[in-house]
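*Asks:* Got a structure for you, questions after.
The values are calculated or read from the model by the stated rules, or taken from the named source; none is laboratory data. All figures in this text were calculated on a predicted structure; none of them were measured in a lab. Cβ coordinates were reconstructed from backbone atoms using ideal geometry, including for glycine residues, and neighbour counts include every protein chain displayed.
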Amino acid sequence: MNRFDREINILRLSWHEARLHFRSPRMMALLALLLLFIVGGSWGLSDSSSTVTSQLNYDTPYEILFLVSLFVLFSSTLGVVLLGFDGISKKRLTGELAIELSQPINRNDLARSQLQGLWLAVFIPTTISCAIGVQLIEIQMGKFPSLYDWLFFNIATGLIIFWYACIQLLASSIAKDLGSSVTLGIGIWMAFTLVWLLVTVLLAALIGVDVTDLNSPQYNKFSEIIDLFSPNGVYQLLLESNLNPDAQPELQKYFIWIAALLWSFIPGTLFLRRFRTLRP
Amino acid sequence: MQKGEPALSLSGVAYRYQLTNWLTPWKKKWGAGIHDVDLMVESGSILGLIGPNGSGKTTLLHTIAGLHGRHKGTIKFLGQDRRKLGWESAQNHIGLMPERVNWSGTTTPHEILNRLITMRGLHESPKNLLKIVGMSKRMYTPLDNMSQGMKQRLTLACALLGNPKILLLDEPLNGLDPVAQAAFRKLLRDLANRGTTVIVSSHNLNEMELFVDSLAILHRGQMVASGSISEVQNILGCQPQLVVAGNGWCPPSSGSFGRGIVLEKCEPWPGEEWRISLHKNGSWSSKQRHNILDSIEGSGGKICLLQMVQPTLEDMLSAATGETADTIGLEVGDDSLIPLKKLGVREDE
């Protein structure tokens, strides 16, 4: 099989994997989350009568999308956890993994198809929800975000879903039973989504940054650096970097893009390496 | 490949599981595995792989199937070293049916097979495969609604994908009803007749006796004996027994019936007054049998039954392991390798 055929085969397998996820009952839970958070958030935030406790002036559709990204962070990443926390461990427990690993397919290709399948299963409904959200923003504000802004938002969203897919499948390949799968899956998501602020404040306090004022420039700069070590932080920084110049992060854009590349490369490579030596 | 030529040969194959502890990941400990396994399986034959729990049957099958990346020794498929064949070419020869795959979810057998067909880059129809295993009417039944027997058939269908030359079946009869077991045996024989080499691991020794051509006995990761059934019987010293039942005069336990003939058991038996089992090395001649009859009848005994009883797989397994149901009970051996042939191999090797 030549390289092109192999890539086509991986895409077909990824689609098979995604279809399995689409048909799973968990997808219902994910769709409910996405509709509630992304679609609902887009409608509510673009309503001119609504007020958000944020220092950001949200006058443009992209700024609304930026705020909606908080809901994406919560719902789509949780969706990856929902679909992927037992992506490998369940197959290992049921014995299906032994059948898959004994097939004449390169393990890298098989791992990539699992990864892409999970990514597609979350990215497609997220993008559809965001597209519905954009329609609602247009209804409320009378204008769409520019094509560039829309693509930029989707690329960043695709990236964070990819990072979480890598992390979840890596954790799932390490877990030997359902309990550890749940613990690792939810634990990692909670660490980045709910506990990260606490980690940032704790580290800031330890190195002597004033944490009594979380809006101080010194703390902001410090938290931006710490955010580079979290997928959620990098996602937010990426989207912020496309806001108007007043609201942009202090960090140079290339730092943020390097962090984004590293987040794509390191967990992805670790997962592929882990899969290569996986035993049923 | 002609029938009778070696389809699979193993030479000095060894694999041991590495045990790791989360708290001390730098400390690596070697666990159970297989040690120095030599085996040759002829093309178009059915090999029965037997051994007690934890003897390494599944590990051996997984090693042959390439699931344990690094192993010692050489595995040859159809005369070619699997390492030189390359991963994909080697795997094309193999069909693995793991033990008790617990298929679950809302997906269907058709979808499962379609996915595996894509993985193999084939253009087969799942329908044909499901027909072979008697599942064509359940093609679109969700996995959650399938019985264990149906799941077992689906697993077999997965193993048959791509028409592999070597089929590795781990406890394939589990969960199958008696009729399905008979059909399964017939299917394996048909496959073997068409040149497929089949290795079956099973605890169901009575069933195995019905369809295997050769045997391999594993114990504590070691290959104790392998070859045709008669060869294994010779290696293990399991010879046919002559069972004689009768009434009247009963031969004494210390009785002698000729050179090399040992009276193993003398017990009362319902319907007759007594029953004895006679054992000897080598085959029984008709003269020897007549001598025994004459000896008993000459002493006033009356023979009701004279029967040659072949050793069962259970007898061979007991002889190979030195353990019987009476002595071992339910106890499973520990996971340390106790090299039977190569004493002196260190645990950390």
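*Asks:* Condition first: more than 30 Å from A:Thr277 (Cα to Cα) and among the β-branched types (Val, Ile, Thr). Now tell me which residues in region A:107-166 satisfy that.
*Replies:* Listed by number, the residues that qualify are A:Ile124, A:Thr126, A:Thr127, A:Ile128, A:Ile132, A:Val134, A:Ile137, A:Ile139, A:Ile155, A:Thr157.
*Asks:* Hey, could you check region A:32-46 for residues that are in a helix (DSSP H, G or I) and not aliphatic (A, V, I, L, M) and say which is nearest to A:Ile124 (Cα to Cα)?
*Replies:* Here is the first cut: in region A:32-46, the residues in a helix (DSSP H, G or I) are A:32-45.
After this cut, where a residue has to be not aliphatic (A, V, I, L, M) as well, the list is A:37, A:40-44.
Details: A:Phe37: 16, A:Gly40: 18, A:Gly41: 18, A:Ser42: 18, A:Trp43: 20, A:Gly44: 23 Å.
The residue in question is A:Phe37.
*Asks:* Another question, then. Are any residues in region A:129-158 surrounded by fewer than 20 Cβ atoms within 10 Å (Cβ to Cβ), more than 17 Å from A:Tyr58 (Cα to Cα) and touching a residue at least 60 places away in the same chain (Cβ under 8 Å), and if so, which ones?
*Replies:* Scanning region A:129-158 gives A:Ile132, A:Phe152.
*Asks:* Within region B:121-134, how many residues are buried (at least 18 other Cβ atoms within 10 Å of the Cβ) and more than 26 Å from the chain's Cα centre (by Cα)?
*Replies:* Final tally of qualifying residues: 2.
*Asks:* Going residue by residue through region A:176-190, is there one that turns out to be assigned to a helix (DSSP H, G or I) and over 26 Å from A:Leu78 (Cβ atoms)? Outline the logic, then answer.
*Replies:* The first filter runs over region A:176-190 and keeps only residues assigned to a helix (DSSP H, G or I), leaving A:178-190.
Retained after the next criterion (residues that are over 26 Å from A:Leu78 (Cβ atoms)): none.
No; the residues of region A:176-190 include none that is assigned to a helix (DSSP H, G or I) and over 26 Å from A:Leu78 (Cβ atoms).
Condition check ((1) of a type outside the set (A, V, I, L, M, F, W, C); (2) closer than 30 Å to A:Ile99 by Cα; (3) modelled with pLDDT of 90 or more) across all residues:
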position: A:Gln218; (1), (2), (3): yes, no, no
position: A:Val234; (1), (2), (3): no, no, yes
position: A:Gln248; (1), (2), (3): yes, no, no
position: A:Pro267; (1), (2), (3): yes, yes, yes
position: A:Pro280; (1), (2), (3): yes, yes, no
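*Asks:* Only one of these conditions is not met by B:Leu176: (1) modelled with pLDDT of 90 or more; (2) under 19 Å from B:Arg100 (Cα atoms); (3) outside any helix (DSSP H, G or I). Which number is it?
*Replies:* The failed condition is (1).
*Asks:* So, one more: Could you identify the single residue in B:Asn234, B:Asn247 that is at pLDDT below 90, surrounded by 14 or more Cβ atoms within 10 Å (Cβ to Cβ) and in a helix (DSSP H, G or I)? First the steps, then the outcome.
*Replies:* Details: B:Asn247 fails: in a helix (DSSP H, G or I).
Result of the check over B:Asn234, B:Asn247: B:Asn234.
*Asks:* Let me ask something else about it. Residue check, B:Leu61 against (1) more than 16 Å from the chain's Cα centre (by Cα); (2) under 23 Å from B:Leu173 (Cα atoms); (3) within 14 Å of chain A (Cβ to nearest Cβ), all met but one. Which one?
*Replies:* B:Leu61 satisfies all of (1) more than 16 Å from the chain's Cα centre (by Cα); (2) under 23 Å from B:Leu173 (Cα atoms); (3) within 14 Å of chain A (Cβ to nearest Cβ) except (1).
*Asks:* Now a separate question. Quick check on my filter: what residues within region A:200-209 are more than 13 Å from A:Glu224 (Cα to Cα) and either assigned to a helix (DSSP H, G or I) or basic (Lys, Arg) (or both)?
*Replies:* Answer for region A:200-209, where residues must be more than 13 Å from A:Glu224 (Cα to Cα) and either assigned to a helix (DSSP H, G or I) or basic (Lys, Arg) (or both): A:Leu202, A:Ala205, A:Leu206.
*Asks:* Still on this structure: For region B:66-85, does any single residue satisfy the condition of being within 7 Å of chain A (Cβ to nearest Cβ), out of contact with any Lys or Arg (no Cβ under 8 Å at 6 or more places or on another chain) and of a type in the set (D, E, K, R)?
*Replies:* Taking every residue of region B:66-85 in turn, none turns out to be within 7 Å of chain A (Cβ to nearest Cβ), out of contact with any Lys or Arg (no Cβ under 8 Å at 6 or more places or on another chain) and of a type in the set (D, E, K, R).
*Asks:* Let me ask something additional. Would region A:111-125 turn up any residue that is touching a residue at least 24 places away in the same chain (Cβ under 8 Å), among the hydroxyl-bearing types (Ser, Thr, Tyr) and part of a helix (DSSP H, G or I)? Can you show your working first?
*Replies:* Applying the first criterion (touching a residue at least 24 places away in the same chain (Cβ under 8 Å)) to region A:111-125 yields A:111-125.
Adding the requirement that they be among the hydroxyl-bearing types (Ser, Thr, Tyr) leaves A:113.
Still in the running and part of a helix (DSSP H, G or I): A:113.
Yes, region A:111-125 contains a residue that is touching a residue at least 24 places away in the same chain (Cβ under 8 Å), among the hydroxyl-bearing types (Ser, Thr, Tyr) and part of a helix (DSSP H, G or I).
*Asks:* Still on this structure, I have one more. In region B:119-143, what residues are outside any helix (DSSP H, G or I) and either touching a strand residue (DSSP E or B) at 6+ places or on another chain (Cβ under 8 Å) or within 12 Å of chain A (Cβ to nearest Cβ) (or both)? Working first, answer last.
*Replies:* Filtering region B:119-143 down to residues outside any helix (DSSP H, G or I) leaves B:121-125, B:133-135, B:139-142.
Of everything in region B:119-143, those that are outside any helix (DSSP H, G or I) and either touching a strand residue (DSSP E or B) at 6+ places or on another chain (Cβ under 8 Å) or within 12 Å of chain A (Cβ to nearest Cβ) (or both) turn out to be B:Gly121, B:Leu122, B:Pro142.
*Asks:* How many residues, within region A:93-106, are at the interface with chain B (Cβ under 8 Å from one of its Cβ atoms) and outside any loop (DSSP other than H, G, I, E, B)? Talk me through it step by step, then tell me what you get.
*Replies:* Let us first name the residues in region A:93-106 that are at the interface with chain B (Cβ under 8 Å from one of its Cβ atoms), namely A:93-96, A:98-106.
Right, trim to outside any loop (DSSP other than H, G, I, E, B) and you get A:93-94, A:96, A:98-101.
The total comes to 7.
*Asks:* When you check A:Ile226 against the structure, is it surrounded by 13 or more Cβ atoms within 10 Å (Cβ to Cβ) and among the β-branched types (Val, Ile, Thr), yes or no? Before the answer, list the steps.
*Replies:* Values: surrounded by 13 or more Cβ atoms within 10 Å (Cβ to Cβ): yes; among the β-branched types (Val, Ile, Thr): yes.
Spelling it out, A:Ile226 is indeed surrounded by 13 or more Cβ atoms within 10 Å (Cβ to Cβ) and among the β-branched types (Val, Ile, Thr).
*Asks:* Taking region B:86-113 as the search range and keeping residues that are surrounded by fewer than 17 Cβ atoms within 10 Å (Cβ to Cβ) and farther than 14 Å from B:Met150 by Cα, which one is farthest from the other protein chains (Cβ to nearest Cβ)?
*Replies:* So the residue we want is B:Gly86.
*Asks:* Regarding region A:14-31, can at least one residue be identified that is away from chain B (no Cβ under 12 Å), assigned to a loop (DSSP other than H, G, I, E, B) and surrounded by fewer than 19 Cβ atoms within 10 Å (Cβ to Cβ)?
*Replies:* Going residue by residue through region A:14-31, those that are away from chain B (no Cβ under 12 Å) are A:29-31.
Checking the rest, the ones that are also assigned to a loop (DSSP other than H, G, I, E, B) come to none.
No, region A:14-31 has no match at all.
*Asks:* Restricting attention to region A:121-133, which residues are touching a Ser or Thr at 6+ places or on another chain (Cβ under 7 Å) and more than 18 Å from A:Trp163 (Cβ to Cβ)?
*Replies:* If the condition is that a residue be touching a Ser or Thr at 6+ places or on another chain (Cβ under 7 Å) and more than 18 Å from A:Trp163 (Cβ to Cβ), then A:Gly133 is the only one that fits.
*Asks:* Out of all the residues in region A:85-92, is one or more touching a Lys or Arg at 6+ places or on another chain (Cβ under 7 Å), within 11 Å of chain B (Cβ to nearest Cβ) and surrounded by 17 or more Cβ atoms within 10 Å (Cβ to Cβ)?
*Replies:* So far as region A:85-92 goes, no, none of its residues is touching a Lys or Arg at 6+ places or on another chain (Cβ under 7 Å), within 11 Å of chain B (Cβ to nearest Cβ) and surrounded by 17 or more Cβ atoms within 10 Å (Cβ to Cβ).
*Asks:* Condition check: over 23 Å from the mean Cα position of the chain (by Cα), surrounded by fewer than 18 Cβ atoms within 10 Å (Cβ to Cβ), among the hydrophobic types (A, V, I, L, M, F, W, C) and within 14 Å of chain A (Cβ to nearest Cβ). Does B:Leu116 satisfy that?
*Replies:* Working: over 23 Å from the mean Cα position of the chain (by Cα): yes; surrounded by fewer than 18 Cβ atoms within 10 Å (Cβ to Cβ): no; among the hydrophobic types (A, V, I, L, M, F, W, C): yes; within 14 Å of chain A (Cβ to nearest Cβ): yes.
Considered against the rule, which asks whether it is over 23 Å from the mean Cα position of the chain (by Cα), surrounded by fewer than 18 Cβ atoms within 10 Å (Cβ to Cβ), among the hydrophobic types (A, V, I, L, M, F, W, C) and within 14 Å of chain A (Cβ to nearest Cβ), B:Leu116 comes out as no.
*Asks:* Here's a follow-up. Scan region B:181-201 for residues that are outside any helix (DSSP H, G or I) and surrounded by fewer than 21 Cβ atoms within 10 Å (Cβ to Cβ) and jot them down. If you could, list the steps in order and put the result at the bottom.
*Replies:* Of the residues in region B:181-201, the ones outside any helix (DSSP H, G or I) are B:194-201.
Scanning region B:181-201 gives B:Arg194, B:Gly195.
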